[in-house]
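**Q** Quick one: the structure is below, and I'll ask about it shortly.
The values are calculated or read from the model by the stated rules, or taken from the named source; none is laboratory data. Computed from a predicted structure; not experimentally measured. Glycine gets a Cβ as well: all are built from the backbone with ideal geometry, and neighbour counts include every protein chain shown.
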Amino acid sequence: MNRPFPPEPDIPEVPSVSPRVFWRRGQRGLRRMTARQRAIFAAVRFEGASYAELAERHGITVDEVQAELGKAISRLIRTVHGHWWQRWWPW
C-alpha cells in the first residue's frame with residue numbers, strides 16, 4: 001500500500017501539570033507581562049477588541065499591537081509550560 005505521508009516520528013509529549021499548578025503559573029505569566037502587554041492580551045482575549053482599536057487606544061501602530069500580543073502570548077506559554085521545545089530540539 002502506498003502511503004501519502006511518511007510515518008510520524010516519536011515526538012515526546014509536553015508534560016501536563018495539575019489544574020492548580022497551571023492556574024498559578026498562568027497568574028505568574030500575567031504578572032510577568034508589561035502593563036501594555038497585559039492590557040492588549042486581555043482586550044483581545046476577553047473583549048474581542050480589534051488590533052486597529054487597540055492601536056488607537058494605546059497610541060501605537062497595528063504592527064506594534066501584534067508584536068506586543070505575540071510577546072504576551074510567548075511569555076505566558078513559557079511561564080506555564082517552560083521551555084518545552086528544548087525536549088524536541090536539544091541544541
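**Q** Go through (1) more than 30 Å from residue 58 (Cβ to Cβ); (2) modelled with pLDDT of 85 or more and name the single condition residue 33 misses.
**A** Among (1) more than 30 Å from residue 58 (Cβ to Cβ); (2) modelled with pLDDT of 85 or more, the lone unmet condition for residue 33 is (1).
**Q** When both residues are 6+ apart or on different chains and their Cβ atoms are under 7 Å apart, which pairs have a first residue that lies in region 72-86 and is of a type in the set (Lys, Arg), and a second that is assigned to a helix (DSSP H, G or I) and modelled with pLDDT of 80 or more?
**A** Filtered contacts from region 72-86: 75/29; 75/32.
**Q** Are any residues in region 56-91 modelled with pLDDT under 90, exposed (fewer than 14 other Cβ atoms within 10 Å of the Cβ) and among the polar types (S, T, N, Q), and if so, which ones?
**A** Across region 56-91, the qualifying residue is only 86.
**Q** Can we say residue 49 is aliphatic (A, V, I, L, M), farther than 30 Å from residue 18 by Cβ and out of contact with any Cys (no Cβ under 7 Å at 6 or more places or on another chain)?
**A** Yes; evaluated as a whole, the condition is true for this residue.
**Q** Name the single residue, out of those in region 25-68 being within 13 Å of the chain's Cα centre (by Cα) and polar (S, T, N, Q), that is farthest from residue 80 (Cα to Cα).
**A** 66
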